[in-house]
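Following: one structure in C-alpha cells, then a few remarks.
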Amino acid sequence: MTAALGDRMRRLMQQHGINQSQLATRAGTTQPNISKYLAGEREPASSTLANIATVLHTTSEFLLGLPESNDNTPFGTIKAYCARHGGELSEAETRELIMTLLAAREQGGDHGVQD
C-alpha cells in the first residue's frame, strides 16, 4: 500500500506544483518524512496523512486507495468539495460558505448535518 500512496502523492504534488519541502512545511512534517512516504518506506500517522490530503486538495481515502465515501447529501458534497478545494478558497469565500451553511441549517435544511 505504501508504494501506491507515494505514487498518488507524487502525482498530486506535480499537479499542484508542490515540492517535498513545501509539502512538508504545509503538512506539518519534515522533508525526510515526505521522502520516505514517497519511496514507500514509511506510512504517515493518520493526522499527518489528513494534513497531506488537505494540502494536496484530496482525501485520506484517495491517498490510501480506499473507496471514497458515497455521502450524496448536500453536506457530503460540500465536505468533499472543501477537502479538495479548501486551500483555493479566499478568506471571504470561506466566510460566505460558512454563513450560507449556517443560514440553511437555521431554516431546517441541514440534510444530514449532525451536531
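Read-outs throughout are calculated quantities, based only on the coordinates presented, and are distinct from any laboratory measurement. Since this is a predicted model, take the numbers as computed values, not measurements. Cβ coordinates were reconstructed from backbone atoms using ideal geometry, including for glycine residues, and neighbour counts include every protein chain displayed.
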*Can you find a residue in segment 24-39 that is assigned to a helix (DSSP H, G or I) and of a type in the set (D, E, K, R)?*
yes
*All but one of (1) touching an Asp or Glu at 6+ places or on another chain (Cβ under 8 Å); (2) touching a residue at least 60 places away in the same chain (Cβ under 8 Å) hold for Tyr37, so report the exception by its number.*
(2)
_What pairs come out if I take residues in segment 52-63 that are under 18 Å from Gly17 (Cα atoms) and pair them with residues that are assigned to a helix (DSSP H, G or I) and of a type in the set (S, T, N, Q) whose C-beta lies under 7 Å away, six or more apart or interchain?_
Ala53/Ser60
